[in-house]
Amino acid sequence: MPIYEFKCKKCGNQFEIITSFAQKDKVTCSKCDSKEVEQLISGCSINSGSKGFDGGSSCGGPGSGGG
């Protein structure tokens, strides 16, 4: 299952949660339990599976160094 990153509109808490695509609209804040959360754009990892390649590449997201 994917990891989604959210920010609470009520208390400002930023958190990650592992959930299915179908359940991500039912996420509540892990700090104040508010339903007023917005999904943030997160980084990603791509695995090419090629031999002789480092096997992955980071893209986007804070702290990833670009992509």
Taking segment 1-15 and keeping residues within 19 Å of Ser45 (Cβ to Cβ) and without any contact (Cβ under 8 Å) to a residue 24 or more places away in the chain leaves Met1, Pro2
In segment 19-67, residues that are at pLDDT 95 or above, of a type in the set (Val, Ile, Thr) and outside any loop (DSSP other than H, G, I, E, B) total 1
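The values are calculated or read from the model by the stated rules, or taken from the named source; none is laboratory data. Worth saying up front: this structure is predicted, and the values here are computed from it rather than measured. FYI the Cβ positions are ideal-geometry reconstructions off the backbone, even for glycines, and counts take in every protein chain you see.
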